[in-house]
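Data first, discussion second: the structure below is written as structure tokens.
The values are calculated or read from the model by the stated rules, or taken from the named source; none is laboratory data. The structure displayed is predicted, hence computed values, not measured ones. Cβ coordinates were reconstructed from backbone atoms using ideal geometry, including for glycine residues, and neighbour counts include every protein chain displayed.
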Amino acid sequence: MSAYLLKRLIIAAATLVLASMVVFAVLEIIPGDPARLMLGMNASAEQVEVLRNQMGLNAPLALRYLHWAGGLLSLDFGRSYTYSVPVIDLVRERVVVSLPLALIALALSTAIAIPVGLFSASRRGRAGDAIAMGVAQFGVAVPNFWFALMLIYLFAVWLRLVPAGGFPGWGAGAWPALKSLLLPAVALALPQAAILARVARSALIEVLNEDYIRTARAKGMPYRAVLWRHALRNAMIPVLTILGLQFAFLLAGTIIIENVFYLPGLGRLLFQAITQRDLIVVESVVMLLVAAVIAVNLLVDLSYAVVDPRLRSRQ
Amino acid sequence: MSLLEIENLSLSIGDTPILKGVELAVAPGEVMGLVGESGSGKSMTALAVMRLMPFAARASGRVAFDGIDILAASEDQMCALRGDDIGMVFQEPMTALNPVKTIGEQVAEGIRWHTKASRAEAEEQARKILDRVGLPSAKFPLSRYPHELSGGQRQRVVIAIACALKPKLLIADEPTTALDVVLQAQILDLLRDLVAENRMGLLLISHDLAVVTAMADKITIMRHGEVMEAGDTARTLSGQLHPYTRQLAQASMHVPARPRPHTAGSARPLLQVDGVTRDYPGRRSSLFRRAAPIRAVDDVSLSIEPGQSVALVGRSGCGKSTLARMILALDKSTSGTIRFSGETITGRSEAELKPARRDMQVVFQDPYGSFDPRQKVEKLVAEPLHVLDKKPANAERRELVAHALHEVGLGPRDMDKYPHEFSGGQRQRLSIARAIITRPKLVVADEPVSALDVSIRAQILDLFAELNQKLGIAYLFITHDLTVARAITDEVLVMHEGRIVERGKTGAVLDHPQSEAARALVRAAPDLHRAIARRLQEQG
């Protein structure tokens, strides 16, 4: 088990380093001089050069990478070119919006998908299954921002249950803050839940054909008990895999959803930073998202071992 | 008064009738053998007793267990019966246990479900039954997972699950088919003891007439969903009044004719294996210590002459398949040399191996798994032709395929079919056609008939014998079935724990085994002649 853990940790760390190199290199390659952008089009070449020196943009590439990466490790992300405040302060404000949003969406999609998968698998080929999977098919096909608009129309404009957008801040109390995250989370979660439900259904159906299900039935356990006690845990492996992969899409989805709902989250920060060529902010936020995806996938790898004893004993 | 009574049981799935008027009865303490070839409906009969048939199945007739009408019982009643009064053991022990639960959990689960015992009580009872089936607590604590157990040990766990609550009836569906003969004998002994201890009725389902004869008091023979013959085992099998019974018995003991047996020492060896060893990396005990390697094949030497048929027998896990893979140059030996037709093949590149590959082909055990289901027979059978120096043109290729199909008893029209259009036996013919299309000098056959029904098996053995006589192909038969070895080989090599422990003329080794390993194999091997003789003594 410890060997498995160590191996996974090393792989995760290596992925993170590699990703940081790619992020850094890509932003080096794309055109646009941040110093020129900060000073405006009318600044002289000398002025730009002075600022470039000040910002350390003229140092060798490797050195700048090491400096930047070293800063990341100590949570010193540098200063934003446009806001002239430490990036970490910007990020800190936004994380408290985006992280709860992503987590609520993840929890919601799992909470919807697993029961729907169980329902469909246990009624395979019957009307209930067909309806559930038809709805899921629709959910897979429809983009989340369209869902978002429909949800706003229904719950905010028509029923007036929740705000249509904006974020009051956690200072305004937990409930108002949560309420404004509810619709965006649902909009993010539904398409994900649709995919996950289909995966859960097919994984369960495959497991239900296994010999050990028949053994459990021969013990005298009712179908439903067998489904819960024997099938579900074995079907979790593919479900976890998809869950890990979906997390990346969930984060990408927050960029769109935060813009639709005017949420001051990381997604909006990233979007604005890109339009303003605030490269240091872009780099930092992207790295943060990369780290989050890697961390979640590490968790998924570790939960495989929790689910499946065969992975624990393998070296 | 019978424990289980099946009267006029018919069952169909959609419009396809599976069972037609099946009659069968099992009394307490009695062993009823249910014999038939695949598709005869014997497993479906068992599932009908458990009422675990596929959803689409429709059954009529009467199945009565201990006075309860099974077909009319509610699902709750059935759940109460299953695992408590009726236990069931299945064919494939490797997949019959849930991989993510410990054996203790899986045995205790049924006990808790039926008796409402506390976890501790149920585990205590689970411990007892595991001890009883031969899995003592020192080596097999309840916390073991199925993947840490071998096939025979897993089958013991399945038997423990089925027998934990001392059922009145145990249904065993091919319980030993996936096990080697020595394990088979042990499991059959265990079942026999459990029947005697608890006066349990046993419905033993098998395609192996010898196994059933050795075990069963009474026998029911099925074919195409119908009962052909039923009665006392001794009388039924000694009389062989029903033509199908006779056919089954003869096929089980079939020895193909080989008018010109191989005479040894006539030529220089076709295959020469010298001191071959294969190590696999072992499991690491800690992160920093190197694991001790596992020696799968240990200093093995052997030789096969042209046209000679040699059996490599041994228990599962003894290294015979690893050895075969090295002979076929599909695996690299750790040390030692293998020479084929005078050429060394160990340590050669794929290009240099081409001539050897042409002269050496393989037939695998599973006729279902060894073909790509999306390719036509022409392409599948022609596959080995790519090792020829000069690739045949299309017309010539079709001719070669047609010829190979003809030699294995199939027609040229079969060329344009897909594998699923063939039966198991026909598929094994296809794999033989694929093996002989390059006119090889040696065919390695890994358990080529063990997945086949007895009558098909007899036909395939005949085919092997005929091709040996006609084309002079030498065989290396890898098998744990001594009847196959006896039927078709000149010489036997007995392998045990990676080593060859005995070799000699087939008849001599099987009649007078010298090594302990060979004696154990011979003792455990089911033999229809012996079993019938013993039955006749017992039943008069």
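Please specify each residue of region B:344-368 satisfying the condition of being within 19 Å of B:G307 (Cβ to Cβ) and of a type in the set (D, E).
B:D359
When you look at B:T213, is it buried (at least 23 other Cβ atoms within 10 Å of the Cβ), part of a helix (DSSP H, G or I) and assigned by TED's automatic domain parsing to the domain that holds B:M88, yes or no?
Spelling it out, B:T213 is indeed buried (at least 23 other Cβ atoms within 10 Å of the Cβ), part of a helix (DSSP H, G or I) and assigned by TED's automatic domain parsing to the domain that holds B:M88.
Tell me the residue from B:G87, B:G110, B:G83, B:G134 that is in contact with a Leu (Cβ under 6 Å, 6 or more places away or on another chain) and either under 17 Å from B:N198 (Cβ atoms) or more than 11 Å from every other protein chain (Cβ to nearest Cβ) (or both), please.
Every option except B:G87 fails the conditions.
Here is a yes/no grid of residues against (1) closer than 22 Å to B:L183 by Cα; (2) surrounded by 21 or more Cβ atoms within 10 Å (Cβ to Cβ):
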site	(1), (2)
B:G61	no, no
B:D66	no, no
B:G87	yes, yes
B:T95	yes, no
B:A108	no, yes
B:R112	no, no
B:D131	yes, no
B:K139	yes, no
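Exactly one of these conditions fails for A:P191: (1) within 14 Å of another protein chain (Cβ to nearest Cβ); (2) under 18 Å from the mean Cα position of the chain (by Cα). Give me its number.
All conditions pass for A:P191, except number (1).
Considering only region B:32-48, how many residues are within 11 Å of B:I219 (Cα to Cα) and in contact with a helix residue (DSSP H, G or I) (Cβ under 9 Å, 6 or more places away or on another chain)?
4
Within region B:68-79, how many residues are away from every other protein chain (no Cβ under 11 Å) and either under 14 Å from A:R217 (Cα atoms) or buried (at least 21 other Cβ atoms within 10 Å of the Cβ) (or both)?
1
Quick one: how many residues across region B:114-129 are of a type in the set (A, V, I, L, M) and surrounded by fewer than 18 Cβ atoms within 10 Å (Cβ to Cβ)?
Residues that pass the stated criteria total 2.
In region A:299-315, which residue that is farther than 15 Å from A:R233 by Cα and facing chain B (nearest Cβ under 10 Å) is modelled with the highest pLDDT?
Among them, the one singled out is A:R312.
Give, as residue ranges, the helices (runs of 4 or more DSSP H) completely inside region A:92-211 that count at least 2 residues that are touching a Cys at 6+ places or on another chain (Cβ under 6 Å) and buried (at least 16 other Cβ atoms within 10 Å of the Cβ).
Hits in region A:92-211: none.
State all residues of region A:257-315 that are among the β-branched types (V, I, T), touching a helix residue (DSSP H, G or I) at 6+ places or on another chain (Cβ under 7 Å) and within 29 Å of A:I30 (Cβ to Cβ); if no residue qualifies, say none.
Within region A:257-315, A:I257, A:V260, A:I274, A:I280, A:V281, A:V282, A:V285, A:V286, A:V290, A:V293, A:I294, A:V296 meet the criteria.
With B:L188, B:L165 as the choices, which residue is surrounded by fewer than 22 Cβ atoms within 10 Å (Cβ to Cβ), of a type in the set (A, V, I, L, M) and either outside the structural domain of B:D85 (by TED's automatic domain parsing) or part of a helix (DSSP H, G or I) (or both)?
Among B:L188, B:L165, only B:L188 is surrounded by fewer than 22 Cβ atoms within 10 Å (Cβ to Cβ), of a type in the set (A, V, I, L, M) and either outside the structural domain of B:D85 (by TED's automatic domain parsing) or part of a helix (DSSP H, G or I) (or both).
Of everything in region B:389-422, what is under 32 Å from the mean Cα position of the chain (by Cα) and loosely packed, with under 14 Cβ neighbours inside 10 Å? Give them in sequence order.
Scanning region B:389-422 gives B:H403, B:H406, B:G411, B:R413, B:D416, B:H420, B:E421.
For B:P243, state whether it is in contact (Cβ under 8 Å) with a residue 24 or more places away in the chain and touching a strand residue (DSSP E or B) at 6+ places or on another chain (Cβ under 9 Å).
No.
Tell me, which residue of region B:136-162 that is charged (D, E, K, R) and in a helix (DSSP H, G or I) is farthest from B:G83 (Cα to Cα)?
The extreme case among them is B:E148.
Using beta carbons and a limit of 8 Å, which pairs, at least six apart or on different chains, have the first residue in region A:33-57 and within 18 Å of A:G78 (Cβ to Cβ) and in contact (Cβ under 8 Å) with a residue 60 or more places away in the chain and the second one of a type in the set (F, W, Y) and surrounded by 15 or more Cβ atoms within 10 Å (Cβ to Cβ)?
A:P34/A:Y81; A:L37/A:Y81
List the helices (runs of 4 or more DSSP H) that sit entirely inside region A:218-276 and contain at least 3 residues that are within 14 Å of chain B (Cβ to nearest Cβ).
It comes to A:223-226, A:232-260.
The conditions are (1) within 7 Å of chain B (Cβ to nearest Cβ); (2) closer than 15 Å to A:V307 by Cβ, and A:A200 fails exactly one of them. Which is it?
Status for A:A200: all satisfied but (1).
Does B:L248 satisfy the criteria of being in a strand (DSSP E or B) and within 25 Å of B:S10 (Cα to Cα)?
no
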